[in-house]
Amino acid sequence: MSRVAAADVHDILRRTFGFSGFRGQQEAVVTRVLAGLPTLALMPTGAGKSLCYQLPALALDGTAIVISPLIALMHDQIRAADALGIRAASMTSADADNAATAEALRAGELDLLYVAPERATTPGFEALLAQARLSLFAIDEAHCVSEWGHDFRPDYRMLRPVLDRFPDIPRLALTATADEVTRSDVLRQLGIPEDGLIVAGFDRPNIRYAIHPRGNAGQQVADFVKRTSGAGIVYATSRAATEQIAQHIAKTGRPTSFYHAGLPPERRSAVQAQFVGSEDMVMVATIAFGMGIDKPDVRFVVHAGLPKSIEAYYQETGRAGRDGDPAEAALLWSPNDFARARQRLSEVEEHRLASERARLDALAGLVETPGCRRAILLKHFGEDPPLACGNCDNCDNPPKVVDTTELARKLLSAVYRTGQSFGMGHVEKVLLGREDDRVRQRGHDSLSVYGIVGEDEAPLLRPLMRSLTAHGMLVTTEHGGLALGPSARAVLKGERPVAIAEPPAKKRRKARTQAANPIGDPLFDALRAKRKELASERGVPAYVIFHDSVLRDMATHRPET
Ligand code: ADP
Ligand code: MG
Ligand code: ZN
């Protein structure tokens, strides 16, 4: 292995790449690779992972073999390398002359050779490698090696024996997404020791994170938009919701549009172009929006519903403030988001169940923490988090933590005693001992749990219910009622303490609005708007047109997920 002087490295960085210095942990990664040490570089998208193997490929003799999952990715990389004067090629089914490329590899005329794992693991390719002089193996998008990851590619699993056949050639795995399980799986699958992991660059200090319970999403988003300036993205969880929320925003006078995969391509590209060119437009979109968009001055990203995972949340909020100026990331969540997601777990294949659960638990930890949001995010990516970042809702306004273990047991008992089929409103009335027809008809006023919670604790019930739902101790039944979840037992038995952030006094009203939309159905808000419209047309009170029976119909008529 040739030794490369630090001076040479900086020289290549400047002359070939035109960069004045390394970014983040690039130098640490490059130094390890040049020292021949196996390494996993975990850095967010855009952090500059390519340089971590391209630079050593130039500094070392021989050709770097780059494993990449997609031909399109390879060709992008090769174009970029060509522009820098790096000799790069790929061997794929889409390349015209693989024989010539093989010859160039044998002749030592390539700095980089890109191949897919399917080809890299064939005996023919291995024989070719044996005839070439290799500088390193770079395994890009290395999370594909793990079935815990979201892009599992079985052929990535077969790479290990190939790498092991060339023990003197350093291996560098790179990825932007790997939670803790995936991370250790990638290390193991590729034969990289724990101390070969370098994680960095995940912090986006200019983004302020804030997370709130969701009531009327449209109204909340409109209120948010009113107090911000600049362009922003609002992510909604359904196509219908994008249109509704955009209507709410339009009323604030802010330019707005919506975007989802159901729109014709011409319209999608038109609104996208409009957004990129605008300084104050708010785009309400499904997560189909944003992937290839280069707009550095996005001032905020709002999630009107729970994102898929912490990785997805990080990725999506990361579209804000790329210019480094202050930006905001706001998330509105509801226990229904968790209830539905946990319901969907029943359809998950057995071997993915644990990781899917972990994914939801991680999200619950983020939305539920009374501590620093950024700390949770960074810890998730394996970075050493600060104790407090000073730039998130909880750091700005640290919530008091209350021990609700006993209250949680009462709540869970009441859910159980009332037959696991009632919503929070009913359970709340029972617990607080409130007079109510339905409570009396069902005989719930004679239950042992009737009236066991004092009014002083009443404001804690809704936030506690949210917390218990987020953590899977409560689930929502098909008919919108609450039932005990798999982890309720430990709480009931007093084995698991429960603490929540004390709700600010005035938040109580929001909790009620939320209860009015029992399953978080976007249709509900639309109907409510319609009801108001009809009511004002006819000059009658709203409840005449929109009453309980409609609500009940809706609860049984839920959109398939
Ligand atoms: P990743 O693979 O991590 O998503 P890329 O390797 O595609 O990121 O790099 C993202 C961008 O960052 C590229 O435009 C690249 O030129 C740029 N970049 C990489 N390293 C540096 C650096 N040290 N200084 C400035 N820009 C850099
Ligand atoms: Mg990359
Ligand atoms: Zn913080």
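Can you tell me which of 156-167, 266-277, 109-120, 477-488 comes out highest on packing, and rank the rest after it, using the mean Cβ neighbours within 10 Å? Write down the numbers at each step before the final one.
Numbers: 156-167: 16.5, 266-277: 14.4, 109-120: 21.3, 477-488: 18.2.
Final packing ranking: 109-120, 477-488, 156-167, 266-277.
For helix 522-538, what angle does its Cα long axis make with the longest principal axis of the chain, in degrees from 0 to 90 and rounded to 10? On a 0 to 90 degree scale, this one is about 40. When the helices of the chain are scored as -39500 (n - 2.57) per DSSP H run of n ≥ 4 and the total is divided over every residue, the value at 222 nm lands at -13000 deg cm²/dmol.
In Å, what Kirkwood hydrodynamic radius results for segment 198-293 from the alpha-carbon pair distances?
Details: mean 1/r = 0.0700 Å⁻¹.
In segment 198-293 this quantity evaluates to 14.3 Å.
When a/c is below 1.5 the answer is rounded, else prolate if a/b is larger than b/c, else oblate, so apply that to segment 44-115 with a ≥ b ≥ c taken from the square roots of the Cα gyration tensor eigenvalues. Don't skip to the answer; put the middle values down first.
Working: a/c = 1.96, a/b = 1.21, b/c = 1.62.
Oblate.
As a ratio to 2.2 N^0.38 Å, the alpha-carbon radius of gyration for segment 119-264 is 1.60.
Against the chain, whose longest principal axis comes from its Cα atoms, helix 180-190 is set at around 20 degrees.
Relative to the longest principal axis of the Cα atoms of the chain, the long axis of helix 458-470 lies at roughly 40 degrees.
So for the chain, averaging the separation of alpha carbon pairs under 8 Å that are six or more residues apart and normalising by length, what relative contact order in percent results? Please report the intermediate quantities before stating the final value.
Values: 953 pairs, mean separation 62.1, N = 561.
In percent, rounded to a whole number, it is 11.
Listed highest first by mean packing, meaning other Cβ atoms within 10 Å per residue, what order do 493-504, 42-53 come in? Write out the running numbers ahead of the final one.
Values: 493-504: 14.9, 42-53: 20.8.
Sorting 493-504, 42-53 by mean packing, highest first, produces 42-53, 493-504.
Measuring between their Cα centroids, segment 340-367 and segment 240-296 lie 30 Å from each other.
Show me 28-37, 69-78 ranked by packing, highest mean number of other Cβ atoms within 10 Å first. Show your work: numbers first, answer last.
On the way: 28-37: 19.9, 69-78: 17.1.
The most tightly packed comes first, giving 28-37, 69-78.
Separation of segment 167-215 and segment 448-505, taken as the distance between their Cα centroids, equals 34 angstrom. Fully extending the segment from Q343 to N206 would add 45.7 nm, taking 0.36 nm per residue of separation and subtracting the current Cα-Cα distance.
In summary, segment 1-154 shows an alpha-carbon radius of gyration equal to 1.01 times the 2.2 N^0.38 Å reference for compact globular proteins. Just to be sure I follow: if Rg is taken over the C-alpha atoms of segment 153-196 and Rh is the Kirkwood radius over the same atoms, what is Rg/Rh? Rg/Rh: 0.95.
In Å, the Kirkwood hydrodynamic radius of the chain over pairs of distinct alpha carbons?
It is 26.4 Å.
Radius of gyration over Kirkwood radius for segment 306-349, both on Cα atoms: the Rg/Rh ratio is 1.13.
Three principal axis extents of segment 109-205 based on alpha-carbon atoms, in descending order, are 46, 26, 21 Å.
Taking the number of Cβ atoms within 10 Å of each Cβ as an exposure proxy, the fewest-first ranking of I67, I192 is I192, I67. Per the Debye calculation on segment 299-400 with a single equal scatterer at every Cα and no solvent contribution, log₁₀ I(q)/I(0) for q = 0.16, 0.22 Å⁻¹ amounts to -0.76, -1.29.
When the alpha carbon gyration tensor of segment 333-460 is reduced to an equivalent ellipsoid, the three semi-axes, largest first, read 34, 22, 10 Å.
Values in this text are rule-based calculations from the coordinates and carry no lab data. What you see is a predicted model, and the numbers here were worked out from it, not measured in a lab. Every residue, glycine as well, gets a Cβ built from its backbone with ideal geometry; the counts of neighbours run over all protein chains shown.
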